[in-house]
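Here's the structure, in structure tokens; my notes come after.
The values are calculated or read from the model by the stated rules, or taken from the named source; none is laboratory data. Bear in mind the structure is a predicted one, so any value in this text is a computation, not a measurement. Backbone-built Cβ (ideal geometry, glycine too); neighbour counts: all protein chains shown.
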Amino acid sequence: MSLRDLRRLREGKEAAMPDDQSTTNELSLDQIIFVSKYLKVVPKPSWRPFGKSNADEIRRVESANETVKRNFGEFQRARDHVARQIAEMVRIAGDRLKQYQAAADADPLNKDPEFVRDIGEFGKRLAELKTKVRDKVKEVGDAPETAPRFGDGAQALLGYGQDLTRLEDDLPDLPPVVVRSVVGSLLAIAARVSDMKAFVGVGGLSREMAERRIDDDAAETRRVRALEDYDDVCDKARKAIDGIIDEARGQTRRTDGQMRDEAETLASAVPGDCAPYLAALRAVLNEAALSLVQELKGDGDKTAEREVYRLDELRKRTGKLDTGITAIETRLVELQQERANATGFNEKREITAQYKAEKARLDELKARRAQFDLYKDAFAGRMARLEAVKDQYNSALDIAADPDTFLQARAPLPPATEITKFALLGGPMKKGVSIGDIEEYRARFKRASTTVVPQDQLFMGEPGVSDITGAQFQALSTLLDKARQMAEAGQLAEGQALLKEAIRLFGVFQESTKFMLPAVPEAPPSQIDRTERDLKRLSVQLDRFWGRGGDGDDALRKRLDEIVKARDTALNKAPLALSDVEDAIVDFRRQLDAAERGFVTNPQDQLSRDKAAGAGNQIKKDLLNLFETRPVAEADVGKIDSRRLLIVRDGNGNRSYHEILTQKDGTQTRRKNSHVPREAMEMMLEKARMLDALAGCESPDCAEMIDAAVNEAEADLLAIKGGDKAYDHIASQIKKCEVLVGDKLFGEWLPAGFGDVKVRYQTFKKDYARTMRPGDASAKADEFHDALTQLKKDAETLKTDYKTVSGKLDKVSTDLDGKKAKAGTLGQKLEKMVKDGPEVLIKKLSLGRMSKDEHAEVTRLMGTLRTDLKYLKDKSKDFHGLEGRLAGRIAVARQTLDTKTTDGVQRAGQIADELARDARDQANDLDALDIGANGLADFRKLVDFVSRAAGGVRTKDDLKTRAERERLALKGEIETARAFLKKNRGKMGSYTEYAAVCDSIDKQYQSITAVYARTGDADQALSQLTQQTRSAKQLNDEMKDNLLVPEQSGKKVTTDFITRFGEELAKSLGHVQDNAATLGLAIKERSEEDEGQKGNADLQRNVAAVKAVLELAKRGEVTALAALKPSIKDDIDRLLALAPTTAGRKAGLATAREAALANVRDIRARLDADPALKVYRDNPFDKGASWPALASALHQLETRLIKDLDPRKL
């Protein structure tokens, strides 16, 4: 089968079958696709003999490496670009939604449900694209090293980038009422000031902390003054912004931009104005906290001790960091000057590389320095938590001293039963004794007070901290003593309440030791990076404005180009001076904002937009008569799915809201009197939404495009509204077509063209309502009905033709059968020769005039003739006439005929005619032989005819014998497997998997023997039986090695099972390796059984590549994958040998067991990832029949490690 035929098969077409070639031994389609597809993943290995130059190979590898490097660079750039696009769009959408929400909260008249719907839809689409980007990046990252996907990934990400650009155009603008009133943006600015006053986003501080009184009078005075000054700055800014908001709501002569700019200036100044007061507030709070931490450290608090250590380290290292930062900044200025003075390209490049390296070091140091500052800023907050925990500790002491007061405050307590008593105090059980919850928690608290818990470290070597302190444990233990006394005295509810309080306090104490370290912040952008970012944003903003038709004289573009040029000039001078450039950027941003606010669109464009809005509104009005809907109040619009919401305007511009009702399956409900298909209604709804979008289009000169869309939508609406009769007719024709397509005749007979017509009809049935107007669809439905009616007639004709061709083949078989053939046919003539014997055939041969050599030849031919005639006579009970010689061609004809397709029946008829013609010609040739007249020449022809007839019988006899022998061998292997499974069911770790494989082989056996009995095709049966016998033998070999490792017996625990499973893993992997290599040979053999496939260079090249990859499974690296570390067993044995009371024994066993499990899981991961094993595991030939044993052994070993080596039981 050629690759062209393979492609045609993939496309649903039939591949032409070569003449006189049986397809019975061809690879199946999924196997051929597997072979072809694999080469795209793993490159074909290449081996060269010693001494031969491999320069070409080196060049090929180098070229491939360069391609990978180039693709990787493109992938990285595309990934980073798309990530920046997504982040920017998320920021812009968030800002607009915040402005809208503020305006809507301030004035209900500013509410716009359409904007809420559109911004929500935009968010969903952006999230979908973000998910696709993330999945694509993960797909590229997970690709095997042998098949990098960087090129595909880069192309896909570039496509997503284009999708994001198009999506950005769909980002809904703020509603005009919000933009005009500017209230939304002003309120958002005011909210920032309020957040500042509430200390939202101010690291390490809260309003509560800032307002908490300090015992020291002097410190308290400083705190109050700093907080008042801080609040004064925030209040003044908020009051000024509130005045601007009042001005915006009333009559004003100022523009929106002027008011927004003033508010932004006020808000932006707040952080800087508040900075000195915030610093003073932090200082006084930290001083008070420092006194507390020293006190707690003196009391033995390990958390406080760690805080003191960190503070000391911060003081030591901050100065060093500052010195390093200053030195690097000085060096960067020097490098900037050196780069400006450099003349050569290479010199500039080297200096630039040094600059980048030093800049990266500077960023790291600044980030670490910033982390230090964040940690110091949060110091007071951490100490506040420790102080609160100290209060809780004192509370625990108070409860222990006077539990009655605590219990009275919680009266009435929930009732308790005898079960509660057992739970609290424990007691005897069926197996062992329970110590009760009280003692169980006491042990847990004790462990928490003595075990150092690993936590994030700010500095290496800082003191370790346990979950709770020793003093806290003593307080909790005292509480537990009280709980036990009350429970033993019968006060179960009281004892249970004290236990719960102890558990709660334990959680509080435990949490007090855990402080998340501040993340290392990203280094703030440098002046250079900040300028670059601002210029890019302005360029994008200007591009969008230009796209709307603004900046027609390019004045703004020229000004921006001048700023960019000034920036480039400044970068090449030392010292660096970008202040003028930054001022120019600020001025340009104001100019661009003013230009956008004052921009007036083309009047014709606006007329077209209004027309689109009106047409979309009219469509939605008409859809109200088609869909079942219910009115929705404006306040409830946000609760309705936007896909089911219709917003309609009346003549005065007032909006009404309607929800499209749906059925239980989510299908939209149409009115009972509507004949319009739901799909057509949904299509018109989409067009209405498209027109709404066009109504908001800002592109210049868009009138023509919008008008065309409006005209098309109006024409579609008109056709659908008047299409009731057409839709009814289409529905009727589709019902008739469904009856025709489902006719049982087509289930067996496939006339030419049926597949194509069926596919096109099904596409039409699914899509006509959305893609066609009713009149056109009605005509198309008639066309399909006529075509299917004709095809049914063709199927009837095909059925008749089949019987005719089958009769022809039967006649050919009869004429070739000497027993059944009529007189004068080829088969009857051979039968007569066999019956008459050789003496009658040569009776007329005259030897008198022959030479000595001719006499010798006659003698030799006579021997051959006697032998062949005797063989034919001996086999006459099973084989007759010439059927052995021509059976192959007859079988091809019958198989081709049984496709029951037009092409198949026609081709079978051609073969039948050819066979009949050949038989007649050969019969005439025999009749024309005259041995008496032509002597040795005709005698040779006679002997050749008989020899070929005998050869055909020998071939068929041999195939039949071998097929029967193979059938019995396969049957025996299956019976052996069944018996083994039955006997060892309880001992096998993979019984279910092996039983399934055995069932599959048995089903294949039954199918092959049934087909063989019906067709008599021994050649096909032998090939299929041989493959199944090989699989059955592999199954039996593997099952013998897969008996379970014995369970532990007795009280003594040993690790012998680890050794046994190690041996089992090696043995199972060996089976997989052997079978993978054998499979490669089997695929090669299968692909060469058919002459057409054997001669297909492309297919054979692919098969050779797969065979080579499967052979890689035998390499030593794969064998080493399943080796367990020897230290695993040794470590566990060493620990088991220790006395059970030895300190650290259980912890050591737990660690050793985790190491063993990690080794097993690592083996599994490496085996799963090996390319050669993956190919074997997923192949469509034997389905990776040996893999289940290996996977089962790994699973059993993991299970035994968990169960047998449980540290709690050892």
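In table form, for the structure just shown:
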item	result
Cβ-Cβ under 8 Å pairs, at least 6 apart or on other chains, region 1025-1054 side surrounded by 12 or more Cβ atoms within 10 Å (Cβ to Cβ), far side at pLDDT below 50	Thr1054/Gln1048
Filter result for Val270 (more than 50 Å from the chain's Cα centre (by Cα) and either among the β-branched types (Val, Ile, Thr) or assigned by TED's automatic domain parsing to the domain that holds Asp373 (or both))	no
Ile640 being without any contact (Cβ under 8 Å) to a residue 24 or more places away in the chain and hydrophobic (A, V, I, L, M, F, W, C)	yes
Helices (runs of 4 or more DSSP H) completely within region 484-595 that count 1 or more residues being modelled with pLDDT of 80 or more and under 30 Å from Glu264 (Cβ atoms)	527-547, 555-571
Residue in region 785-801 that is farther than 23 Å from Lys687 by Cα, outside the structural domain of Arg678 (by TED's automatic domain parsing) and within 40 Å of the chain's Cα centre (by Cα) present	no
Flag if Asp707 is in contact (Cβ under 8 Å) with a residue 40 or more places away in the chain, within 15 Å of Pro677 (Cβ to Cβ) and not assigned by TED's automatic domain parsing to the domain that holds Asp786	no
Exclusive hit being surrounded by fewer than 16 Cβ atoms within 10 Å (Cβ to Cβ) and either modelled with pLDDT of 75 or more or not in a helix (DSSP H, G or I) (or both), set Arg315, Arg310	Arg315
Only one of Leu129, Leu158, Leu171, Leu164 that is more than 16 Å from Arg79 (Cα to Cα) and either in a loop (DSSP other than H, G, I, E, B) or not assigned by TED's automatic domain parsing to the domain that holds Asp692 (or both)	Leu171
Members of region 717-755 found to be acidic (Asp, Glu), under 42 Å from the mean Cα position of the chain (by Cα) and modelled with pLDDT under 85, listed by number	Glu748
Positions within region 292-307 being surrounded by fewer than 16 Cβ atoms within 10 Å (Cβ to Cβ) and without any contact (Cβ under 8 Å) to a residue 40 or more places away in the chain, in sequence order	Gln294, Glu295, Gly298
Answer residue from region 802-860, given it is at pLDDT below 75 and polar (S, T, N, Q) and is surrounded by the fewest Cβ atoms within 10 Å (Cβ to Cβ) among those	Ser846
Any hit, region 391-409, residues being among the charged types (D, E, K, R) and part of a loop (DSSP other than H, G, I, E, B)	yes
Qualifying residue in region 54-76 (condition: assigned by TED's automatic domain parsing to the domain that holds Val116, modelled with pLDDT of 80 or more and closer than 25 Å to Glu128 by Cα)	no
Pick from region 1172-1210, criterion at pLDDT 70 or above and of a type in the set (Lys, Arg), ranking: farthest from Leu1025 (Cα to Cα)	Lys1203
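Table: residues versus (1) out of contact with any Phe, Trp or Tyr (no Cβ under 8 Å at 6 or more places or on another chain); (2) modelled with pLDDT under 75.
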position	(1), (2)
Asp958	yes, yes
Gly972	yes, no
Glu975	yes, no
Lys987	yes, yes
Lys1003	yes, no
Arg1030	yes, no
Pro1046	no, yes
Gly1050	yes, yes
Glu1063	yes, no
